[in-house]
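Structure first, commentary second.
The values are calculated or read from the model by the stated rules, or taken from the named source; none is laboratory data. The shown structure was predicted, so the numbers you read here are calculated from the model rather than taken from an experiment. Backbone-built Cβ (ideal geometry, glycine too); neighbour counts: all protein chains shown. All accessible areas refer to the heavy atoms of the entire protein, side chains included, with ligands and DNA or RNA removed. Shrake-Rupley method; radii C 1.70, N 1.55, O 1.52, S 1.80 Å.
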Amino acid sequence: MAILKIARMGHPVLSGIAAPVADPTAPEIKRLVEDMIETMEDANGAGLAAPQVHVPLRVVVFQAPASRMEDSVPQAEAFDHSAPLTVLINPVIEVLDPVIEGGWEGCLSVPGMRGWVERPRQIRYMGYDTQGKRILRIAKGFHARVVQHECDHIDGVVYPQRMTDLTKLVFESEIHHWLDKTDDRKAAQ
């Protein structure tokens with residue numbers, strides 16, 4: 001296994017449409033996935049798409065651990081919002097709930113920044129693992145956000161392109177100013 005170089009926003013590999021994987025069980029795909037997982041974990045990321053490591057293929061890896069969710073998620077809903085380490089090859093997403101939720105996102109290809117991105121709250125996704133087994137899941141909240149974010153990468157989209165208000169594109173070191181406002185608004189309700 002190897003830690004791969006992560007492409008940064010502006011690199012052409014991040015703006016192209018990734019090619020489908022012909023054989024999810026191929027040894028080179030298994031190696032790529034192992035390297036992507038090691039790279040994601042080394043960088044403390046929630047997910048990684050193959051184009052982010054300079055490989056224009058429709059492969060994503062992600063995890064939505066409960067420890068990375070916002071504190072506002074009720075405990076009863078935590079299972080719906082979290083996901084184990086998942087490999088998804090040739091993913092397809094279907095929006096199940098047209099309600100849009102906003103949330104802060106970061107990206108290994110946009111280091112040091114966070115942005116407020118609005119996305120559908122609930123989705124169904126399908127794809128394959130490295131054994132060729134079909135994966136079909138419904139995701140809500142943080143889990144849905146992570147899947148959509150990673151799948152954007154295989155379609156040549158980086159999260160700032162999804163933002164409707166660029167005043168909410170901030171350095172990580174300054175996000176506490178925004179989080180304090182959110183906490184104040186919740187307390188007033």
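Does the range 9-23 include one or more residues that are over 15 Å from Gly156 (Cβ atoms), within 13 Å of the chain's Cα centre (by Cα) and at pLDDT 95 or above? No: zero hits.
Per-residue answers, yes or no, for (1) part of a helix (DSSP H, G or I); (2) over 17 Å from Gly10 (Cα atoms); (3) open to solvent by less than 40 Å² (accessible area, probe 1.4 Å):
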{"site": "Asp97", "(1), (2), (3)": "no, yes, yes"}
{"site": "Ile100", "(1), (2), (3)": "no, yes, no"}
{"site": "Pro111", "(1), (2), (3)": "no, no, no"}
{"site": "Arg114", "(1), (2), (3)": "no, no, no"}
{"site": "Arg121", "(1), (2), (3)": "no, yes, no"}
{"site": "Arg124", "(1), (2), (3)": "no, yes, no"}
{"site": "Thr130", "(1), (2), (3)": "no, yes, yes"}
{"site": "Ala144", "(1), (2), (3)": "yes, yes, yes"}
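For the range 34-50, a residue qualifies if it is outside any loop (DSSP other than H, G, I, E, B) and in contact with a Leu (Cβ under 6 Å, 6 or more places away or on another chain), and the qualifying residues are Asp35, Met36, Thr39, Met40, Ala50. Quick check, is Arg119 out of contact with any Lys or Arg (no Cβ under 8 Å at 6 or more places or on another chain) and of a type in the set (D, E, K, R)? Answer is no for this residue.
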